[in-house]
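Notes to accompany the following structure.
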Amino acid sequence: MQYDTLVIGGGIAGEEASLSLANMGFKVLLVEKDYSIGGKMIHLSKVFPTLDCSACISTPKMSETDRHPDITVMTYCEVRNLSRTNGRYLGEVIKKPRYVKEEDCTGCQLCEDACPVNVQDQYQYDLVGRKAVYIPFSVASPRIAAVDIEHCTLCGACEKACPADAIDFTQKEMAIPIEARSVIIATGYLLFDAAAKKQYGFGKFKNVVHSMQMERQLVPTRPYNTVLRPGDGKMPDNIAYLLCAGSRDHSMGNPLCSQVCCMYSIKQAQLLMGALPMADITIYYMDIRAFGKGFQEFYDQTREMGVEFVKSRVARISEKENGNLILHYEDVENTGKPLTAEHDLVVLSVGLLPNTSFQEAFKGQQPQTNEFNYISPSDELISPSLTSMEGVYVAGTASGPMDIPDTILSAGNAAAEAATYLNYLL
Ligand SMILES: Cc1cc2nc3c(=O)[nH]c(=O)nc-3n(C[C@H](O)[C@H](O)[C@H](O)COP(=O)(O)OP(=O)(O)OC[C@H]3O[C@@H](n4cnc5c(N)ncnc54)[C@H](O)[C@@H]3O)c2cc1C
């Protein structure tokens, strides 16, 4: 299959870059490793500082991308062996088996109802369970079921329940040759693993959650009816946010500021005040970086609404018998002394990490990365989307932490650079 541009990664950056190029008349192949496009944005509640609904912005982009006549979307696929020959990138797309015939599945979810297996749902960030055959999430695109073969017991219940006869356990991995004149890398970021900060007890203390888990609790498709603490299902009334959990942290090998944690924590605090009007919310922070348009006003408004901000360094968290948590912290702004505070739910505002999986797509020459393992633009100031490889561009958080508006700008820039290159090649 021949394309003008291969876009790797179907988050908001990959969608935006694909749509920009396709709307200029170029043929695009978008390869996403997950079951659905949408990236992290489709899992967010609302976006700062406007509090617009994230899914309401994301879903039209997802379906426009999926239905565009000049974009071919391949999900649950990975790119391999890309190398440049005669000005073209040749390689292959590895199509992994879903064990469901994509063309026949109607997304009715009868297979899901029939499946007896229950495992943790990665799309709800492990807060609740899902079946071994499942539609990844309600607004998934494409809305096609997949069998989690690792947990499937091969009982056959889904096969019997499927009215379209779409379950197919004979599917095998396939390698499909591809050819593209340019490449855009939009593989995004990874979430910092909250359990790596052992002193905060994530994974050990049930009422310590991370910020993506809180995002999920604040969306309309949330796992519970309201915000609950996972330990005992109680509605929390004294919630702490702990900022810079795994960012600006040399001890964790991540000295970079994640650019979004201050603002998404402030956003979540405002949303929590709506969801749990009686709850007290305290944000423990090093500095508040409210650098974008309207950010300072959003921060000021949140203070005025009654959220407490404590400038501090939290050393560790301990747990009480009733599941409440004690924060041991240094009161940086006032006394400089070690203090403790009790909360019934703690949210770790986890940072962003580089996703180096794009390296597996290339054979031989690789796009250069910087000292933080993000793709390094060949000229950060003048051409932020150009990489060290001819015809290869980078979009969004694959080049460093950034928020959604900056990701969209970056994707537009990558598409413009790719279009100029493609026109020059003609
Ligand atoms: C808790 C939290 C809340 C946030 N809230 C906000 C907010 O309110 N406002 C805001 O502006 N920003 C917010 N952000 C930041 C926002 O998530 C990012 O700016 C945005 O998602 C970046 O989009 P992206 O497309 O670059 O990356 P991603 O969303 O990470 O998308 C990357 C895509 O590439 C795919 N992929 C990865 N590797 C491969 C591969 N090798 N091959 C094929 N596909 C691959 C992934 O599966 C994914 O679909 C928040 C972040 C967090 C953690």
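State all residues of the range 34-47 that are touching an Asp or Glu at 6+ places or on another chain (Cβ under 7 Å) and either part of a strand (DSSP E or B) or farther than 28 Å from Gln296 by Cβ (or both); if no residue qualifies, say none.
Matches in the range 34-47: Ile37, Lys46.
Considering Ser388, Ser410, the condition of being free of Cβ contacts under 8 Å to residues at least 60 places away in the same chain and either in contact with a Phe, Trp or Tyr (Cβ under 9 Å, 6 or more places away or on another chain) or of a type in the set (Gly, Ala, Ser) (or both) is satisfied by Ser388 alone.
Does Ala415 qualify as being surrounded by fewer than 23 Cβ atoms within 10 Å (Cβ to Cβ) and touching a helix residue (DSSP H, G or I) at 6+ places or on another chain (Cβ under 8 Å)?
On the way: surrounded by fewer than 23 Cβ atoms within 10 Å (Cβ to Cβ): no; touching a helix residue (DSSP H, G or I) at 6+ places or on another chain (Cβ under 8 Å): yes.
When the stated conditions are applied, Ala415 does not pass them.
Residues in the range 73-92 that are surrounded by 15 or more Cβ atoms within 10 Å (Cβ to Cβ) and polar (S, T, N, Q): Thr75, Asn81. Restricting attention to the range 34-84, and to residues there that are more than 13 Å from the ligand (Cβ to nearest atom) and in contact with a Ser or Thr (Cβ under 7 Å, 6 or more places away or on another chain), which single residue is nearest to Arg222 (Cα to Cα)? Here the answer is Ser63.
Would you confirm whether any residue within the range 181-197 is of a type in the set (Ser, Thr, Tyr), closer than 30 Å to Thr356 by Cβ, under 24 Å from the mean Cα position of the chain (by Cα) and buried (at least 22 other Cβ atoms within 10 Å of the Cβ)?
Yes: the range 181-197 contains one or more residues that are of a type in the set (Ser, Thr, Tyr), closer than 30 Å to Thr356 by Cβ, under 24 Å from the mean Cα position of the chain (by Cα) and buried (at least 22 other Cβ atoms within 10 Å of the Cβ).
Residues that are in contact with a strand residue (DSSP E or B) (Cβ under 8 Å, 6 or more places away or on another chain) and in a loop (DSSP other than H, G, I, E, B) were ranked within the range 84-96; the one that is farthest from Ala140 (Cα to Cα) is Gly87.
Mind checking which residues of the range 354-372 are loosely packed, with under 15 Cβ neighbours inside 10 Å and of a type in the set (S, T, N, Q)? The answer is Gln359, Gln365, Gln368, Asn370. Looking at the range 147-224, the strands (runs of 3 or more DSSP E) lying wholly inside it that each contain 3 or more residues that are within 13 Å of the ligand (Cβ to nearest atom) and within 28 Å of Gly14 (Cα to Cα) sit at 174-185, 189-191.
Apart from one condition, Lys95 fits all of (1) closer than 21 Å to Ala146 by Cβ; (2) within 9 Å of the ligand (Cβ to nearest atom); the exception is (2). For the range 143-155, the condition holds for at least one residue, the condition being that it is surrounded by fewer than 22 Cβ atoms within 10 Å (Cβ to Cβ), outside the structural domain of Thr420 (by TED's automatic domain parsing) and of a type in the set (A, V, I, L, M).
When the range 301-317 is examined, which residues are found to be free of Cβ contacts under 8 Å to residues at least 40 places away in the same chain, touching a strand residue (DSSP E or B) at 6+ places or on another chain (Cβ under 7 Å) and not in a helix (DSSP H, G or I)?
Residues of the range 301-317 free of Cβ contacts under 8 Å to residues at least 40 places away in the same chain: 301-306, 308-313.
If we keep only those that are touching a strand residue (DSSP E or B) at 6+ places or on another chain (Cβ under 7 Å) as well, we get 303, 308-313.
Across the range 301-317, the qualifying residues are Glu308, Phe309, Val310, Lys311, Ser312, Arg313.
Of all residues in the range 258-308, those satisfying the criterion of being over 26 Å from Gly396 (Cα atoms) and among the charged types (D, E, K, R) are Asp280, Asp300, Arg303, Glu304, Glu308. When Thr59, Thr72, Thr65 are screened for being assigned by TED's automatic domain parsing to the domain that holds Ala361, under 26 Å from His43 (Cα atoms) and not in a helix (DSSP H, G or I), only Thr72 passes.
Evaluated against (1) polar (S, T, N, Q); (2) more than 30 Å from Ala269 (Cβ to Cβ); (3) near the ligand (Cβ under 9 Å from one of its atoms), Thr387 falls short on exactly one condition, (3). Taking Thr50 as the residue in question, decide whether it is outside the structural domain of Gly203 (by TED's automatic domain parsing), polar (S, T, N, Q) and either without any contact (Cβ under 8 Å) to a residue 12 or more places away in the chain or not in a helix (DSSP H, G or I) (or both). Judged against the criteria, Thr50 is a match. One residue stands out in the range 1-33 among those that are assigned to a loop (DSSP other than H, G, I, E, B) and more than 9 Å from the ligand (Cβ to nearest atom): the one that is surrounded by the most Cβ atoms within 10 Å (Cβ to Cβ), namely Phe26.
Number of residues in the range 345-371 that are touching a residue at least 40 places away in the same chain (Cβ under 8 Å) and under 19 Å from the mean Cα position of the chain (by Cα) equals 11. On the stretch given as the range 390-421, residues that are assigned to a loop (DSSP other than H, G, I, E, B) and within 14 Å of the ligand (Cβ to nearest atom) total 5. When every residue of the range 310-324 is checked against the conditions, none turns out to be surrounded by 15 or more Cβ atoms within 10 Å (Cβ to Cβ), within 22 Å of Gln213 (Cα to Cα) and within 16 Å of the ligand (Cβ to nearest atom).
Checking the conditions here, which among Tyr123, Tyr99, Tyr134 is more than 28 Å from Leu353 (Cβ to Cβ), under 28 Å from the mean Cα position of the chain (by Cα) and among the aromatic types (Phe, Trp, Tyr)?
The unique qualifying residue is Tyr99.
The values are calculated or read from the model by the stated rules, or taken from the named source; none is laboratory data. Since we're looking at a predicted model, the values are computed, not measured. Because the Cβ atoms are built from the backbone with ideal geometry, glycine has one as well, and the counts that use them run over all protein chains shown.
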